[in-house]
Amino acid sequence: MQNAVNISFNALGENEAFARVAVASFAAKLNPTVDDLAELKTAVSEAVTNAIIHGYDSNPAGMVYISATIEDGEIDVVIRDEGRGIDNIEEAKEPLFTTKPEMERAGMGFTIMEHFTDRLEVESSSSSGTVVRFKKRLAGKRVNCV
Amino acid sequence: MVTMKAEAQGKVLIIRLTGELDHYYSEQVKEFTEQQIDENQSQHLIWNLSGLPFMDSSGLGVILGRYRQVNEMGGSVSVCGLNTQVKRLFQLSGLFKIMYIDQTEQEALDRLGESSCKMR
């Protein structure tokens with residue numbers, strides 16, 4: 001059976017912790033390992049931070065939308081903003097690439113999302129903003145972790 | 001939230017962080033650490049992250065920024081007390097290649113303290 005939640009919040013840095021904890025709480029019903037849950041939280045944190053500081057240039061009037069769906073032991077997370085979009089997605093995904101070095105951004109957001117999830121998709125346009133979608137299997141993995 | 005504590009031992013500054021370090025708190029950590037480095041005229045820096053269950057790439061940015069600051073003055077940086085998630089961030093970003101990783105604060109102090117300065 002499918003189970004879904006939708007969350008929206010203003011593009012405020014203080015909401016980053018809320019966003020990752022909310023998704024992690026929703027995912028907890030799959031009984032994930034501590035490490036998988038930490039990876040999920042990190043991926044959410046990276047995508048939400050990108051939406052706030054890159055999508056909306058830290059303008060708190062912008063809204064960030066998260067929808068998370070659980071089905072067959074897997075979580076599917078979509079994090080969307082209606083901000084300025086990403087000019088070149090492949091470039092943005094390069095490790096250490098950042099458009100905001102003055103903010104001491106490490107340029108590791110997409111690299112971390114790719115490594116901490118099973119599948120990552122990014123769609124972006126200057127007219128409609130950015131959609132980051134990732135999937136992560138959380139249930140039924142313990143047998144392999146011995 | 002993040003709480004920050006600093007302790008200077010000679011030329012080594014120890015920064016102990018507790019909480020979850022994300023973009024929202026990274027600016028505070030940056031300002032606090034910069035100020036402590038200046039006030040104590042520290043040469044080397046130890047990040048004790050044993051009280052940090054969560055960090056994202058914003059934390060990496062702050063730690064890398066302070067590495068550059070200390071490195072310009074000929075100093076070294078060690079991080080200690082990393083949990084599995086934080087350790088993977090360091091591995092992915094390559095920070096392990098430019099900083100020391102120690103299990104404990106004492107190990108880091110033994111490495112960067114007065115007695116072992118000549119080792120580098």
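The values are calculated or read from the model by the stated rules, or taken from the named source; none is laboratory data. Predicted model, so just to flag it, every value in this text is computed and none were measured. Neighbour counts run over all protein chains shown; Cβ positions are idealised from the backbone, glycine included.
Summary of values
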item	result
Pair list, Cβ < 6 Å and 6+ apart or interchain, from region A:106-128 residues that are within 9 Å of another protein chain (Cβ to nearest Cβ) to residues that are part of a loop (DSSP other than H, G, I, E, B)	A:107/A:96; A:107/A:97; A:107/A:98; A:111/A:95
Breaking point among (1) at the interface with another protein chain (Cβ under 10 Å from one of its Cβ atoms); (2) farther than 20 Å from residue A:109 by Cβ; (3) surrounded by 16 or more Cβ atoms within 10 Å (Cβ to Cβ), for residue A:44	(2)
Members of region B:65-110 found to be within 13 Å of another protein chain (Cβ to nearest Cβ), surrounded by 14 or more Cβ atoms within 10 Å (Cβ to Cβ) and either of a type in the set (Lys, Arg) or touching a residue at least 40 places away in the same chain (Cβ under 8 Å) (or both), listed by number	B:66, B:87, B:88
Number of the exception - residue A:2 against (1) at pLDDT below 95; (2) buried (at least 17 other Cβ atoms within 10 Å of the Cβ); (3) not charged (D, E, K, R)	(2)
Considering residues of region A:1-17 that are closer than 23 Å to residue A:107 by Cα and either in a helix (DSSP H, G or I) or touching a helix residue (DSSP H, G or I) at 6+ places or on another chain (Cβ under 6 Å) (or both) only, the residue farthest from the other protein chains (Cβ to nearest Cβ)	A:11
Index of the failed condition, residue A:39 passing every other in (1) under 23 Å from residue A:8 (Cβ atoms); (2) touching a Lys or Arg at 6+ places or on another chain (Cβ under 9 Å)	(1)
Failed item in (1) within 20 Å of residue B:92 (Cα to Cα); (2) surrounded by fewer than 15 Cβ atoms within 10 Å (Cβ to Cβ), with residue A:87 passing the rest	(1)
Every residue from region B:22-34 that is buried (at least 16 other Cβ atoms within 10 Å of the Cβ), more than 10 Å from chain A (Cβ to nearest Cβ) and in contact with a helix residue (DSSP H, G or I) (Cβ under 8 Å, 6 or more places away or on another chain)	B:29, B:33
